[in-house]
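What follows is a short report on a single structure.
The values are calculated or read from the model by the stated rules, or taken from the named source; none is laboratory data. As the structure is a prediction and not an experimental result, all values here were calculated from the model. Glycine gets a Cβ as well: all are built from the backbone with ideal geometry, and neighbour counts include every protein chain shown. Keep in mind that these areas ignore ligands, DNA and RNA; they rest on the heavy atoms of the full protein, side chains included. Shrake-Rupley method; radii C 1.70, N 1.55, O 1.52, S 1.80 Å.
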Amino acid sequence: MFKTLSIALAALTASATVAAADVSYLSNFIKEQNRDSQVELGTVRAASDGVVEIFSFHKGEVGPLLGSEAVMAGANLDVDVDVRRPLTNVIAVLKVDGQIVDSQEIDFN
């Protein structure tokens, strides 16, 4: 599963036009956050219902799923995802219709 996710994330980041062509994205979040039991993502926009998943992310490797939060079509304000306390940085992955449409690395202080 992690290998498939890593390949999908690599394909997503290699294509700069994906975010422009899709109205689904993560925005307005704090790239550096305190180690806590919650990841603050701010506004998440989704073209249809989806999910934000938070994975451990260390040295370019995607680790285990730490938490997830469902999002509805449209703008979802103040999205926070409860997570098991991360020991490393994380990556937030937005999936819409089962497809990864955006991802963002988040560093913890």
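In the full protein context, region 50-109 carries 51 Å² of accessible surface per residue, based on a 1.4 Å probe and ignoring ligands, DNA and RNA.
With the highest mean first, a sort of the peptides 59-68, 96-105, 46-55 on other beta-carbon atoms found within 10 angstrom per residue produces 46-55, 96-105, 59-68. Averaging Cα coordinates gives a centre for region 69-109 and one for region 45-65; these two points are 5 Å apart. When you count the other C-beta atoms within 10 angstrom of each residue and take the mean per peptide, 39-45, 89-95 line up highest first as 89-95, 39-45.
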